[in-house]
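The values are calculated or read from the model by the stated rules, or taken from the named source; none is laboratory data. Everything quoted here is computed from the prediction, not taken from an experiment. Quick reminder, even Gly has a Cβ in these numbers, built from the backbone with ideal geometry, and neighbours come from all protein chains shown. Note: areas computed on protein heavy atoms with side chains; ligands, DNA, RNA excluded. Shrake-Rupley method; radii C 1.70, N 1.55, O 1.52, S 1.80 Å.
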Amino acid sequence: MPNFSENDAFREAVLVGRQSPCSKSQRGVVIFHRNFGKVAGGFNAPPLPFRCNGSMACRADCNKLSVHAETAALLDLRKGGCDISKHLEMLHVKVVDGEAVPSGEPSCWQCSREVLAAGIDTFWLLHEDGLRSYTAEEFHESTLRYHELPVIR
């Protein structure tokens, strides 16, 4: 599927995000290659056999109880035995009532760290003004700055 674009990935990520059982914040991620299309995907959810029950306790600690969509997509990539290791892009969406909404600035240091370490080239987020791309390094640095964490090179 040549010429798979970030818009194609966006549509796929929304479909993936709709599968999330999270009652607080549904997220979907697609890893793609422009020449080969979608190579992996994932949504946020507690690891099986655990589940989201929508309680206040579950919602308050959702980010600690669930596997984040980025991690789920990276695990899917590994399980799928993808032999493409260069020029991979990751697109993240937040889904509310079945539709994508702006995610805000890069803010999850766990995910930005994993994206960079996994060798993903480009990370996409939906902002108020549309999709914005970051190199994995820019994404991680922006996240660190968001949390006022040191950027040490």
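Among the residues of segment 110-143, write down those that are closer than 16 Å to Arg27 by Cα and either small (Gly, Ala, Ser) or under 13 Å from the mean Cα position of the chain (by Cα) (or both). Steps first, answer last, please.
Within segment 110-143, the first condition is being closer than 16 Å to Arg27 by Cα, and the residues that meet it are 110-112, 115, 123-127, 131.
Within segment 110-143, Gln110, Cys111, Ser112, Val115, Phe123, Trp124, Leu125, Leu126 qualify.
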Is it fair to say Asn7 is touching a Phe, Trp or Tyr at 6+ places or on another chain (Cβ under 8 Å) and surrounded by fewer than 15 Cβ atoms within 10 Å (Cβ to Cβ)? no
For segment 28-46, name all the residues that are farther than 15 Å from Phe10 by Cα and open to solvent by 60 Å² or more (accessible area, probe 1.4 Å). Asn35, Phe36
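So which helices (runs of 4 or more DSSP H) stay within segment 29-112 end to end and still have 2 or more residues that are under 27 Å from Glu138 (Cα atoms) and small (Gly, Ala, Ser)? I'd like the intermediate steps shown before the answer.
Numbers: elements: 56-60, 62-65, 69-79.
Result: 69-79.
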Test: residue in segment 111-119 that is out of contact with any Lys or Arg (no Cβ under 9 Å at 6 or more places or on another chain), among the charged types (D, E, K, R) and surrounded by fewer than 21 Cβ atoms within 10 Å (Cβ to Cβ): yes
Residues located in segment 10-19, provided they are closer than 16 Å to Ser103 by Cα and buried (at least 18 other Cβ atoms within 10 Å of the Cβ): Phe10, Ala13, Val14, Val16, Gly17
Which residue is farthest from Leu88 (Cα to Cα), if the candidates are limited to segment 120-129 and must be touching a residue at least 24 places away in the same chain (Cβ under 8 Å) and open to solvent by 40 Å² or more (accessible area, probe 1.4 Å)? Glu128
Arg132 at pLDDT 95 or above, open to solvent by 20 Å² or more (accessible area, probe 1.4 Å), assigned to a strand (DSSP E or B) and basic (Lys, Arg): yes
Residue ID - nearest to Leu149 (Cα to Cα), chosen from residues in segment 113-122 that are assigned to a helix (DSSP H, G or I) and of a type outside the set (A, V, I, L, M, F, W, C): Arg113
